[in-house]
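See structure below.
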């Protein structure tokens, strides 16, 4: 789109601080607050969502408006002066700004998501059983205590000590970009966690996680979208598998002329291979109004798409993103060896599953996380590559290989372990993030153990 190639007169956000400033400024600038979501919906996502004459404009405007507002709350838990918006202080609406902001949001929202997951994990007391919550009593400015990990993470990019031995802090996550002089003198990590809940909590808008569900097809790829992408892929394959006697059947046959059964066979094979990454047992929250609202929204987003000529757009998106999804899975398989028991988030350590959009299902993950992730990841590679070949018009893959049933730690074997795509566990963790049709009973209850896990995605 030519308008997207116009140069912006503001710099792209390079740090978490920049992202929060931009989001908060958008929430304070009413015309942009309204215009940007509508611009995203009509010009970006209309290939995937039914937007003309529908209610999606209002939905996405509400979701992103909540993200913008909650970003200001997070800033207020970290810095003293929230009245200035840094490099975005002069941002207002004029010709071209909508395009610039849309382009920027597509790039920065997934990066912010991973960093906020990580920060909440370390700041919330409910995550203590997983090795988290260690920053809950630390001051954001590092004063008044021997441990300054929270302050170091916010203000520094490498470990302390000799430059020759310094390591990047949480490699893969966006830089934080805060300075000591602007940090609150009396705010603690627990207060930061409370503020982050406002952007990740489970409710009728579902804020940032829901925004990423909307924008998954148009966002710049980032590893933190892996969870959402796997959940979408599961939905996509299930739709294809059940396409008989629906308008989707003719679209599949047209796209894969003469090879539609081969394509459906691959999709059918993929579903059980994806199950270890999903917490399918969490459909128990019938009384959860927030869960119901999100579930209804997901139905609204996708149920009618297959009847509306948008199948090709999703096939093209998968064709483009599957190599990146496979690469992210392979990196996670290697990285999870360093996640420890409990998680060793020492300064300079791994960013853990949060870099990939994953969180935990329950407090038994420590002893089984490697075996429950690496096996399913390895078994998933072949059918994913077969799907990619098929999307590229290559139908020569070994049919025996693609029809092989999962033999690793899938299904019931994975129950109770941290294999949920964005599965949340524990009072603080599950309560903060609850979202999606795979949500949980007693969201926001604060009772440790009541949260059995939940999945973020479609």
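The values are calculated or read from the model by the stated rules, or taken from the named source; none is laboratory data. Quantities reported herein were computed from a predicted structural model and do not represent experimental measurements. All Cβ positions, even for glycine, are placed from backbone atoms using ideal geometry, and neighbour counts span all protein chains on display.
Select from the range 112-133 the residues that are out of contact with any helix residue (DSSP H, G or I) (no Cβ under 6 Å at 6 or more places or on another chain), within 18 Å of residue 349 (Cα to Cα) and part of a helix (DSSP H, G or I) and list them in ascending order. Correct list: 119, 122, 128, 130. For the range 201-208, indicate whether the set of residues that are part of a helix (DSSP H, G or I) and at pLDDT below 90 is non-empty. Looking through the range 201-208, at least one residue is part of a helix (DSSP H, G or I) and at pLDDT below 90. For the criterion of being in the same structural domain as residue 15 (by TED's automatic domain parsing) and modelled with pLDDT of 70 or more, residue 55 fails. Residue 236 fulfils the conditions (1) more than 25 Å from residue 82 (Cα to Cα); (2) over 12 Å from the mean Cα position of the chain (by Cα); (3) not assigned by TED's automatic domain parsing to the domain that holds residue 271 except for a single criterion, (3).
For first residues located in the range 321-344 and crowded, with 16+ Cβ neighbours inside 10 Å, partners that are at pLDDT 90 or above and in a loop (DSSP other than H, G, I, E, B) and lie 6+ apart or on another chain with Cβ distances below 7 Å form the pairs 321/221.
Taking the range 29-52 as the search range and keeping residues that are over 30 Å from residue 311 (Cα atoms) and part of a helix (DSSP H, G or I), which one is modelled with the highest pLDDT? Among them, the one singled out is 32. Of the candidates 164, 229, 211, 195, the single residue that is free of Cβ contacts under 8 Å to residues at least 60 places away in the same chain and either assigned to a helix (DSSP H, G or I) or surrounded by fewer than 23 Cβ atoms within 10 Å (Cβ to Cβ) (or both) is 164. Residue check: residue 26 meets all listed conditions (1) more than 20 Å from the chain's Cα centre (by Cα); (2) modelled with pLDDT under 85; (3) buried (at least 23 other Cβ atoms within 10 Å of the Cβ) but one, namely (2). Selection over the range 236-262 of residues that are in contact (Cβ under 8 Å) with a residue 60 or more places away in the chain and either crowded, with 17+ Cβ neighbours inside 10 Å or assigned to a loop (DSSP other than H, G, I, E, B) (or both) gives a count of 8.
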